[in-house]
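One structure is given here, and the rest of the page talks about it.
The values are calculated or read from the model by the stated rules, or taken from the named source; none is laboratory data. Computed from a predicted model, the values in this text were never measured in an experiment. Note that each Cβ is placed from the backbone with ideal geometry, even for glycine, and that neighbours are counted across all protein chains shown.
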Amino acid sequence: MERRWYVGKILQVDTEDEDIEITFLQQSKDLFRWPRKEDKIWIDFTDEICQVSEPVTTGRPQRTFKLAEEDIQQVKIRFSESH
């Protein structure tokens with residue numbers, strides 16, 4: 001099974017249990033959007049690859065987002081190092 005990385009927004013941090021609640025964006029090629037049904041889950045601190053800059057809105061009506069190229073490269077490097 002191919003492993004993938006996902007972009008999300010941190011909603012809560014539980015330092016006692018070392019968990020993060022994240023809501024995830026859907027990816028389509030190099031663009032991201034919020035899914036119709038919220039996709040959120042608690043993950044362990046160690047499952048977070050890195051933090052990225054806030055995505056830039058693109059298109060109309062600005063419901064799609066794009067990551068900065070530097071952030072994409074950082075994620076790819078960190079992901080390959082962790083797997």
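Here are some notes:
- Applying a threshold of 9 Å to beta carbon distances and a minimum spacing of six or more residues, or different chains, the list of pairs starting in the range 5-21 at a residue that is farther than 26 Å from LEU67 by Cα and ending at one that is in a strand (DSSP E or B) reads ASP14/ILE20; ASP14/GLU21; ASP14/TRP42; ASP17/TRP42; ASP17/ASP44; GLU18/ASP44.
- Considering residues of the range 27-45 that are assigned to a strand (DSSP E or B) and out of contact with any Asp or Glu (no Cβ under 7 Å at 6 or more places or on another chain) only, the residue modelled with the highest pLDDT: ILE41
Quick grid of which residues meet (1) at negative phi; (2) of a type outside the set (D, E, K, R); (3) at pLDDT 95 or above; (4) more than 13 Å from the chain's Cα centre (by Cα):
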residue	(1), (2), (3), (4)
ASP19	yes, no, yes, yes
LEU25	yes, yes, no, no
ASP47	yes, no, no, no
ARG63	yes, no, no, yes
ALA68	yes, yes, no, no
